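These notes are about the structure you will find just below.
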Amino acid sequence: MNLQTELFGNVLVVHTPDELSFEHTESFEACLAGLEARQIVLDVDHTESLDSGGLMSILNAQESLRERQGDLKIATTNAINRKILEITRLDQQLEVFESVVDAVNSFQ
């Protein structure tokens, strides 16, 4: 899996794929694990399919980063993805921001 990324200082913004489902979790987690950054913002605005496997892989990435004294935050204006995070209560485990800029600035 090849993920589009942008670097803002020490914060790496990773744009998630169109589909983040169970069948993509292994390659998604491997791709995130291969990144050297410890402060990551996942931009899930363009992800159209987000299932329990995708959510679990996001939590696994957060756990891995925290073990390395890093963190993972979510940025999305996508109403459906925000609702998924609310319904699953992942918005209580992950910091969710309205914009990539707000998420990046939260690391300061």
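Odds and ends about this structure:
- Qualifying residue in the range 54-63 (condition: of a type outside the set (A, V, I, L, M, F, W, C), surrounded by fewer than 18 Cβ atoms within 10 Å (Cβ to Cβ) and out of contact with any helix residue (DSSP H, G or I) (no Cβ under 9 Å at 6 or more places or on another chain)): yes
- Single residue of the range 41-53 satisfying the filter (polar (S, T, N, Q) and outside any helix (DSSP H, G or I)) that is surrounded by the fewest Cβ atoms within 10 Å (Cβ to Cβ): Ser49
- Qualifying positions in the range 15-40 - assigned to a helix (DSSP H, G or I) and either closer than 25 Å to Gln69 by Cβ or acidic (Asp, Glu) (or both): Glu23, Thr25, Glu26, Phe28, Glu29, Ala30, Cys31, Leu32, Ala33
- Just one of the listed residues (Leu55, Leu65) is within 12 Å of the chain's Cα centre (by Cα) and within 20 Å of Asp18 (Cα to Cα), and it is Leu55.
- In the range 79-91, the residues that are closer than 12 Å to Asp51 by Cα form Cβ pairs under 7 Å with partners that are charged (D, E, K, R) and in a helix (DSSP H, G or I), at six or more places apart or across chains, as follows: Leu85/Asp91.
- Restricting attention to the range 25-53, the residues being over 20 Å from Val96 (Cβ atoms) and out of contact with any helix residue (DSSP H, G or I) (no Cβ under 7 Å at 6 or more places or on another chain) number 7.
- Checked against the criteria, Ser57 counts as closer than 16 Å to Leu90 by Cα, of a type outside the set (Val, Ile, Thr) and either at pLDDT below 90 or part of a helix (DSSP H, G or I) (or both).
- Pairs with Cβ under 9 Å, 6+ apart, first in the range 50-76 and closer than 10 Å to Glu29 by Cβ and polar (S, T, N, Q), second at pLDDT below 95 and in a strand (DSSP E or B): Ser57/Leu20
- Enumeration of residues in the range 94-106 that are over 18 Å from Leu7 (Cα atoms) and surrounded by 13 or more Cβ atoms within 10 Å (Cβ to Cβ): Leu94, Glu95, Val96
The values are calculated or read from the model by the stated rules, or taken from the named source; none is laboratory data. In this text, all values refer to a predicted model and were calculated from it rather than measured experimentally. Positions of Cβ are backbone-derived with ideal geometry, glycine not excepted, and every protein chain shown enters the neighbour counts.
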